[in-house]
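The values are calculated or read from the model by the stated rules, or taken from the named source; none is laboratory data. In this text, all values refer to a predicted model and were calculated from it rather than measured experimentally. Here Cβ is always computed from backbone atoms with ideal geometry, including for glycine, and neighbour counts include all displayed protein chains. Quick note on the areas: whole protein, heavy atoms, side chains included, nothing else; ligands and nucleic acids left out. Shrake-Rupley method; radii C 1.70, N 1.55, O 1.52, S 1.80 Å.
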Amino acid sequence: KRLTGLVPDSAVNWDAIGVLGSFVCLVHCLVLPLAVVILPWLVLFEGEGLHRGLAVALAVPAVLAFIPGWRNHGKWLPGLFMAGGLIALNAAAFVVPEHWETGLTVVGGLFLIAAHVLNRHLCRRCPRCIDGGGCHS
């Protein structure tokens, strides 16, 4: 019952890319509103379209990291964190009222970071990695 063939193993560290993307999203969400007060032209980096695009774009490294990682370590917990994070981010971008956006985005970003860190940790401890087969998530 493995997810073989859906996502090929590669040398790309999707967990590192996912952590970076989630961190950039958190910084954007928390710092940009304050920065716009000082530098009003930064309002160009605000808007629903950008938030929705970031929410959807973060799904790519999340899925590309989870599937190969799960094939190697077989643990579902990183996937549950990933799903929770993606649900929270997309709910913030597409569903909830504006006053819930920041809180839900922060929670979603933290869940995604936790998913990637845990996935990477489990990959580094899995038998295939220890034996030299290597996980590529």
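Looking only at residues in the range 57-73 that are among the β-branched types (Val, Ile, Thr) and either modelled with pLDDT under 80 or under 10 Å from the mean Cα position of the chain (by Cα) (or both), which one is most open to solvent (accessible area, probe 1.4 Å)?
If we filter the range 57-73 for residues that are among the β-branched types (Val, Ile, Thr), which is where we start, we get 60, 63, 67.
Of the ones still in play, those that are also either modelled with pLDDT under 80 or under 10 Å from the mean Cα position of the chain (by Cα) (or both) are 60, 63.
On the way: 60: 80, 63: 58 Å².
If we take residues in the range 57-73 being among the β-branched types (Val, Ile, Thr) and either modelled with pLDDT under 80 or under 10 Å from the mean Cα position of the chain (by Cα) (or both), then 60 is most open to solvent (accessible area, probe 1.4 Å).
From the set of residues in the range 91-110 that are open to solvent by 80 Å² or more (accessible area, probe 1.4 Å) and closer than 18 Å to residue 30 by Cα, which is modelled with the lowest pLDDT?
Our first condition is that a residue be open to solvent by 80 Å² or more (accessible area, probe 1.4 Å); within the range 91-110, this holds for 94-95, 98-100, 110.
Next cut, closer than 18 Å to residue 30 by Cα only: 98-100, 110.
Values: 98: 83, 99: 87, 100: 90, 110: 92.
Only one residue tops the list, namely 98.
For residue 14, the stated conditions do not hold, so it cannot be described as more than 30 Å from residue 123 (Cα to Cα), out of contact with any His (no Cβ under 7 Å at 6 or more places or on another chain) and not acidic (Asp, Glu).
Taking the range 22-57 as the range and being in contact (Cβ under 8 Å) with a residue 24 or more places away in the chain and of a type in the set (D, E, K, R) as the test, the residues that pass are 48, 52. Number of residues in the range 80-90 that are open to solvent by less than 40 Å² (accessible area, probe 1.4 Å) and more than 15 Å from residue 60 (Cβ to Cβ): the value is 2.
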